1. Out of all the residues in region 59-92, which are polar (S, T, N, Q) and either at pLDDT below 95 or not in a loop (DSSP other than H, G, I, E, B) (or both)?
2. Based on what the data block shows, is residue 56 surrounded by fewer than 14 Cβ atoms within 10 Å (Cβ to Cβ) and among the acidic types (Asp, Glu)?
3. Out of region 122-135, which residues are part of a helix (DSSP H, G or I) and surrounded by fewer than 17 Cβ atoms within 10 Å (Cβ to Cβ)?
4. crowded, with 16+ Cβ neighbours inside 10 Å and more than 20 Å from residue 142 (Cβ to Cβ): which single residue out of 30, 45, 41 fits that description?
5. Just need a number here: residues in region 136-158 that are buried (at least 23 other Cβ atoms within 10 Å of the Cβ) and either of a type outside the set (Ser, Thr, Tyr) or outside any strand (DSSP E or B) (or both).
6. Can you pull out every residue in region 18-41 that is part of a helix (DSSP H, G or I) and among the hydrophobic types (A, V, I, L, M, F, W, C)?
7. How many residues are touching a residue at least 40 places away in the same chain (Cβ under 8 Å), outside any helix (DSSP H, G or I) and either crowded, with 23+ Cβ neighbours inside 10 Å or not β-branched (Val, Ile, Thr) (or both) if we restrict to region 93-118?
8. Output the residues belonging to region 23-52 that are more than 15 Å from residue 73 (Cβ to Cβ), out of contact with any His (no Cβ under 8 Å at 6 or more places or on another chain) and of a type in the set (A, V, I, L, M, F, W, C).
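The values are calculated or read from the model by the stated rules, or taken from the named source; none is laboratory data. Note that this is a predicted model, so its numbers are computed, not measured. Cβ sites come from the backbone with ideal geometry, for glycine too, and all protein chains shown count toward neighbours.
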Amino acid sequence: MKLAAIIPAFALVSAPAYAGPEAFHPGPVIEDFGPIATVDIEMAIPEGSEFRVAFDVSGEADAGELNRTLVSAARFINMHAEAGVDPADIHIAVVVHGSASRDMTVQGFYGDVHDGTENANAALIEALSAQGVEVYVCGQSAAYYDVTNDVLLPGVTMALSAMSAHALLQQDGYTLNPF
């Protein structure tokens, strides 16, 4: 057999198989949001690990779509729970500022801003809140976008600013997730 025929066959056998989007499945904690892929990890998560992670979101989702950072917070919980971390040891905070403040509002306000479109984030925030996720809106951004306390979704808290929310979370041992 010629070497030219062996090399392409070997390349097919040794190439990694990527599953793509179909590799993702519902997570064990927040089943409706934050799909995850099961991964054969080499960087071990030590037993007894506790996470205190803050997510920062400034970009508003397209009207009627889920805010990507909120989905990431759900995914963080799901993937770590699947990897064996006790969900009680996963503490998540989401600090919202800029135009993303509008994603944190009740349907009446959100619909007025988005031509009657339904706020898909309401169910996600409810699911996150049920897992103890703290969601803080920057009061400075809220003032700019006419978001008042009475139009915030249940589970969303008004902070003085995103800067102060991050500073207080950091003092409480939260690290900032860079994604």
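1. 69, 72, 78
2. No; evaluated as a whole, the condition is false for this residue.
3. Result: 123, 126, 129, 130.
4. Step by step, each of 30, 45, 41 is checked, and only 30 is crowded, with 16+ Cβ neighbours inside 10 Å and more than 20 Å from residue 142 (Cβ to Cβ).
5. Residues meeting the conditions: 5.
6. Across region 18-41, the qualifying residue is only 23.
7. Count: 9.
8. 23, 24, 39, 41, 43, 44
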